[in-house]
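Have a look at the structure below, then the notes.
The values are calculated or read from the model by the stated rules, or taken from the named source; none is laboratory data. Computed from a predicted structure; not experimentally measured. For neighbour counting, all protein chains shown are included, and Cβ atoms are generated from backbone atoms with ideal geometry for every residue, glycine included.
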Amino acid sequence: MPYAITQLCCTDASCVAACPVNCIHPTPDEPDFGTTDMLYVDPRTCIDCGACAEACPVDAVLPVETLTGPLADHPAINAEYFAGTEPAAPAEGSPLFHDWGPVRFDRVLPADFPRLDVAVVGSGPAGMYTVQDLLLHTTARVTLYDRLPVTGGLVRFGVAPDHADTKRIGDSFARYLDHHRLRLRLGTEVGRDVDAGELAARHDAVIYAVGAPTSRTLGVPGEDLAGHLPSTTVVGWYNGHPEIAADAVPLDTERVAAVGTGNVALDIARILAADPDRLAGSAIAPGALERLRASLVREVVLLGRRGPEHAAYTRGELHALLRRDDLEVVVDDHDPRVGEAIDAAAPGEHAALLQGVPRSSEVPAGPRRRVVLRFHAPIEALLGDERVTAVRAGGVDLPAGLVVRAIGHRGRPTAGLPYAEETGTIPHHAGRVDGRPGTYVVGWIKRGPGGGIGRNRRDAAETVASLIEDGKYGVIGARPRRGGLLRRLTSM
Ligand code: NAP
């Protein structure tokens, strides 16, 4: 099997389009697409051409023989996805290659299509896939707004600094930043510097890609104690977010409790428990690295409210963590349901990922820092006077001087736009904001805070398709725009 996809897969399916033999699945046309952790190369049909590796924006597709260390399991992970299936048949009349069929252009603009002026608000992955789509498939002039003085959003400030390949997708977005039809308005916040009504009056269309910037709250006593932080603070801290101070994360404690078992909790545990020398060549903020070198943290405990069968981390991320040689990973088996679920799991089931991982009752804490996975531990309270000293979870008090809640994100309302409190999203149909012709959404504020970076590519395509449709039928682009906004913003 010559190539395999690794856990860095962004699922934007660039590789699927490049593969001449249809060996990468699920494809965007298949029902599983968007539900699997990543995409997979079928080892039975891969012809070792490397086209997928060339097309991958995050360098997640690699020759099998180069996969060692944390990535060594990936050939098996790829092969397992196809277990029990027949290899995809080669296209008729062509022993090897796809029959691509007649050339089809889904995005044909009529000759009288208006020259649109479009604002995109937010320069994270959802905003940048949207900018890319608009610049490549329409004649629109685009103004990109971001509240921060730099572009990148979650690619810059959310992806862990040791995931260099994932961060590299920022390079593929960066090439659009000096496109002649793009204007940048950085350091401009909607709601503070400009309001939604003003933007709508000055542009033919406004696309909000403002994400889900806040952390969900726990809703338990003690939540406001010092030493309890949202994941956004910790992740922003190690990524050098301009609004987060270098001393925002106290590391003068031996144990950190991270609430949640998603990939964000795993990222935080890995960075806080890593050997700082391993992080030295990464994109970590220098101030954070300096503090990690002086850190007293020996153990990061992930607290899952349900069992290992319901852990939210993806398989590839867990595998990579288990293969680290600078830290230990241990399953806390104080609750008998944990060991039972892991032992009873059939191959391929989520809990089976932890088979073979040492259990805390079997291994005493050693000299290496460790990450402990503790399940059936719902949070009941954070304890302490002014600063947190322990967390009560599943009826047990666990001493910890830092508690990070990594329990998912939440959108926030934008003044002048509708907002669904229950989901933390802006209500829409195919990206068109309800009751606001000419206003659109994309990304986490559209579909809720889940899914990796590449998921935004199809999401952006849907929203831009709606915008093009509206341009064709005169819903947008037919009324005069008010000028002056950019002059006002520039002079601020
Ligand atoms: P997530 O995957 O939704 O995980 C949230 C975790 O918090 C779950 O374990 C959930 O448990 C738990 N939780 C929620 N409410 C809780 C509560 N009140 N008390 C205790 N636990 C609670 O969220 P995320 O980790 O923030 O990740 C967001 C998205 O970004 C995901 O799609 C993720 O894969 C992606 N991401 C990917 C990477 C990567 O590929 N390397 C890195 C970072 C993020 P329940 O299941 O019981 O609700």
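Can you name the residue in region 398-413 that is out of contact with any Asp or Glu (no Cβ under 9 Å at 6 or more places or on another chain) and not hydrophobic (A, V, I, L, M, F, W, C) and is also nearest to the ligand (Cβ to nearest atom) among such residues? Selected residue: Gly408.
With respect to Ala212, is the statement that it is modelled with pLDDT of 95 or more, assigned to a loop (DSSP other than H, G, I, E, B), of a type in the set (A, V, I, L, M, F, W, C) and under 18 Å from the mean Cα position of the chain (by Cα) true? When the stated conditions are applied, Ala212 passes them.
Filtering region 409-423 to residues that are touching a residue at least 24 places away in the same chain (Cβ under 8 Å), in a strand (DSSP E or B) and surrounded by fewer than 15 Cβ atoms within 10 Å (Cβ to Cβ) leaves nothing. Of all residues in region 145-190, exactly one satisfies the criterion of being buried (at least 21 other Cβ atoms within 10 Å of the Cβ), in contact with a strand residue (DSSP E or B) (Cβ under 8 Å, 6 or more places away or on another chain) and aromatic (Phe, Trp, Tyr), namely Tyr145. Listed conditions (1) outside any loop (DSSP other than H, G, I, E, B); (2) modelled with pLDDT under 90 are all met by Glu80, apart from (2). Only one of the listed residues (Asp178, Asp133, Asp146) is on the phi < 0 side of the Ramachandran plot and free of Cβ contacts under 8 Å to residues at least 40 places away in the same chain. That residue is Asp178. Residues in region 155-177 that are aliphatic (A, V, I, L, M) and under 12 Å from Ile284 (Cβ atoms): Val159, Ala160, Ala164. If you filter region 286-307 down to residues that are touching a helix residue (DSSP H, G or I) at 6+ places or on another chain (Cβ under 7 Å) and more than 11 Å from the ligand (Cβ to nearest atom), you find that the one that is farthest from Tyr81 (Cα to Cα) is Arg293.
Within region 385-403, how many residues are buried (at least 17 other Cβ atoms within 10 Å of the Cβ) and not basic (Lys, Arg)?
Total satisfying the criteria: 11.
With respect to the conditions (1) surrounded by fewer than 21 Cβ atoms within 10 Å (Cβ to Cβ); (2) touching a Leu at 6+ places or on another chain (Cβ under 9 Å); (3) of a type in the set (Ser, Thr, Tyr), Thr233 lacks only one, and its number is (2).
Could you please let me know if Ala406 is within 29 Å of the chain's Cα centre (by Cα) and loosely packed, with under 13 Cβ neighbours inside 10 Å?
no
Residues that are under 14 Å from Met128 (Cβ atoms) and either hydroxyl-bearing (Ser, Thr, Tyr) or within 16 Å of the ligand (Cβ to nearest atom) (or both) within region 459-480 comprise Asp459, Thr463, listed in sequence order. Taking the criterion of being over 19 Å from Phe375 (Cβ atoms) and within 16 Å of the ligand (Cβ to nearest atom), the residues of region 232-266 that qualify are Thr232, Thr233, Val234, Val235, Gly236, Trp237, Tyr238, Asn239, His241. Does Arg270 satisfy the criteria of being within 16 Å of the ligand (Cβ to nearest atom), surrounded by fewer than 20 Cβ atoms within 10 Å (Cβ to Cβ) and either over 26 Å from the mean Cα position of the chain (by Cα) or assigned by TED's automatic domain parsing to the domain that holds Leu402 (or both)? No: the conditions fail for Arg270. Scanning region 216-267 for residues that are assigned to a helix (DSSP H, G or I) and in contact with a helix residue (DSSP H, G or I) (Cβ under 8 Å, 6 or more places away or on another chain) yields Ser231, Val234, Val235, Gly236, Trp237, Tyr238, Asn263, Val264, Ala265, Leu266, Asp267.
The sole residue among Ala420, Ala377, Ala352 that is within 16 Å of the ligand (Cβ to nearest atom) and either of a type outside the set (Val, Ile, Thr) or outside the structural domain of Gly197 (by TED's automatic domain parsing) (or both) is Ala377. Per the conditions (1) within 15 Å of the ligand (Cβ to nearest atom); (2) crowded, with 22+ Cβ neighbours inside 10 Å, the sole criterion not satisfied by Gly452 is (2). Every listed requirement among (1) surrounded by 14 or more Cβ atoms within 10 Å (Cβ to Cβ); (2) charged (D, E, K, R); (3) within 29 Å of Pro449 (Cα to Cα) is met by Arg369 save one, (3).
Between Ala79, Ala83, Ala55, Ala72, the distinction of being more than 18 Å from Leu353 (Cβ to Cβ) and among the aliphatic types (A, V, I, L, M) belongs to Ala55 only.
Regarding Ala226, is this residue in contact (Cβ under 8 Å) with a residue 40 or more places away in the chain and more than 18 Å from the chain's Cα centre (by Cα)?
Working: in contact (Cβ under 8 Å) with a residue 40 or more places away in the chain: yes; more than 18 Å from the chain's Cα centre (by Cα): yes.
So Ala226 fits the description; yes.
The number of residues in region 213-229 that are touching a His at 6+ places or on another chain (Cβ under 9 Å) and either within 13 Å of the ligand (Cβ to nearest atom) or hydroxyl-bearing (Ser, Thr, Tyr) (or both) comes to 5. Scanning for something within 16 Å of the ligand (Cβ to nearest atom) and charged (D, E, K, R), does region 199-212 turn up at least one residue? There is no residue in region 199-212 that is within 16 Å of the ligand (Cβ to nearest atom) and charged (D, E, K, R).
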